[in-house]
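All remarks here apply to the structure that follows.
Bear in mind that the values in this text are calculations on the coordinates, not laboratory data. Keep in mind it's a predicted model, so treat the numbers as computed, not measured. As a convention, Cβ positions derive from the backbone with ideal geometry for all residues, glycine included, and neighbour counts pool all protein chains shown.
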Amino acid sequence: MSQTNLENSAVDTSVDEAVGLGFVTLTQPRRRNPLSAQTMREVTAALTELSADQRVRVVIVRAEGPVFSAGHDLTEMIGRSLDDERAIFDGCTEMMETVQRIPQPVIAAVQGPAIAAGCQLAASCDLVVAASNAVFGTPGVKIGLFCSTPMVALSRAIGRKRSMQMLLTGQTIDAQTAADWGLVNIVVDADDLEVKVRELAAQITTASPLTVRIGKQAFYHQIDLPQDQAYVAMGETMATNAMTCDAQEGMQAFVDKRAPEWTGR
């Protein structure tokens with residue numbers, strides 16, 4: 001496994017090339033893994049780096065210590081100018097959009113509380129596996145700073161009424177409730193978190209990397225379109241997908257009752 005961890009960095013990047021996994025790990029557990037401006041830049045850079053690595057089929061976002069992330073570093077947001085505040089949230093938006101823009105599926109492995117922008121980060125990932133002791137919350141309303149940017153990801157994951165409940169009350173929900181509401185895919189015992197994340201990733205890596213890339217891009221393209229426009233766009237996507245070598249190989253392999261051999265073309 002190759003690894004990159006620069007001095008004074010809040011983020012560790014590593015690749016397990018044997019199984020095609022890239023890892024982005026928050027490494028400030030004593031501070032509850034805050035999403036400072038520097039940390040968000042580092043996460044964005046790590047995701048961008050892994051997106052260009054041909055060895056990486058799935059990216060896993062995780063954190064050290066008992067807390068996934070407590071959200072923004074509030075010390076950076078006190079006594080600053082409007083331009084300073086804008087820069088923080090511009091950096092946050094860039095990080096969240098990078099999660100969904102890179103071609104590889106991104107799985108959040110949430111081992112503990114994911115709060116405010118930490119909840120937003122989890123909600124922005126393509127899939128979420130959570131330990132049973134994890135909680136999710138957007139408590140900004142309690143300190144006079146409504147979680148407006150987390151609201152973007154949260155409302156798209158769990159809908160209007162449930163996201164408004166979290167945003168207006170600031171109360172956390174447990175992992176099982178998060179799963180019931182659609183914020184989390186799988187809840188497991190804390191000791192089984194890494195195993196289950198790797199199992200889920202392994203299921204994805206059996207597919208053609210080209211097809212997965214097409215599918216992820218198509219999902220985010222169509223999700224906010226009106227239904228008629230979505231069908232037009234996705235009909236074209238499927239038609240062009242069907243013309244790829246991997247799709248032709250996969251369909252022929254199914255007919256022949258054999259395992260496909262992917263070429264990524």
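Odds and ends about this structure:
- Take the Cα of Ala18, step 7 Å toward its Cβ, do the same at Ile78, and the gap between the two points is 4.7 nm.
- Potential lengthening of the chain between Tyr220 and Thr177 amounts to 13.0 nm, from the contour at 0.36 nm per residue minus the alpha-carbon distance.
- Positive end of the dipole of the chain (Cβ unit charges, origin at the Cα centre): among Ile223, Ala52, Pro34, the Cα lying farthest that way belongs to Ile223.
- Going from the fewest other Cβ atoms within 10 Å to the most, the residues Met95, Met238 appear in the order Met238, Met95.
- Over all other residues within a Cβ to Cβ distance under 15 Å of Gln248, the charged ones net out to -2, with Lys and Arg as +1 and Asp and Glu as -1.
- DSSP beta bridges in the chain [antiparallel fraction, %, rounded to 5]: 35 percent
- Candidate aspartates and glutamates - alpha carbon under 19 Å from Lys196, same-chain residues fewer than 8 apart omitted: Asp16, Glu17, Glu64, Asp126, Asp174, Asp180
- The C-alpha radius of gyration of the stretch 43-87, expressed as a fraction of 2.2 N^0.38 Å, stands at 1.66.
- The angle separating the long axis of helix 160-169 from the principal Cα axis of greatest extent in the chain is about 30 degrees.
- Note on Leu47, Leu225: ascending count of other Cβ atoms within 10 Å places them as Leu225, Leu47, the fewest first.
- The stretch 128-265 pair-distance distribution - Cα-Cα, 10 Å bins, rounded %: 11, 26, 28, 24, 10, 2, 0
- Average Cα contact separation per residue, the chain, under 8 Å, 6 or more apart, as relative contact order %: 14 percent
- Computed log₁₀ I(q)/I(0) - Debye formula, equal Cα scatterers, no solvent, the stretch 1-98, q 0.12, 0.20 Å⁻¹: -0.40, -0.98
- Charged-residue dipole, Cβ positions (Lys, Arg, Asp, Glu), the stretch 2-205 about Cα centre, Debye nearest 20: 640 debye
- Folded to 0 to 90 degrees: helix 193-205 orientation relative to the chain principal axis, Cα: 40 degrees
- In this Cβ point-charge picture (+1 for Lys and Arg, -1 for Asp and Glu), the stretch 86-163 has a dipole of about 360 debye about its Cα centre.
- In degrees, nearest ten, helix 37-51 long axis to first principal axis of the chain (Cα): 10 degrees
- Ranking of Leu145, Leu193 by neighbouring Cβ atoms within 10 Å, starting from the fewest: Leu145, Leu193.
- Additional length obtainable on full extension of the chain from Leu145 to Gln227, 0.36 nm per residue less Cα span: 26.0 nm
- Each Lys or Arg adds one and each Asp or Glu takes one away; over the other residues whose Cβ falls under 11 Å from the Cβ of Thr13, this sums to -4.
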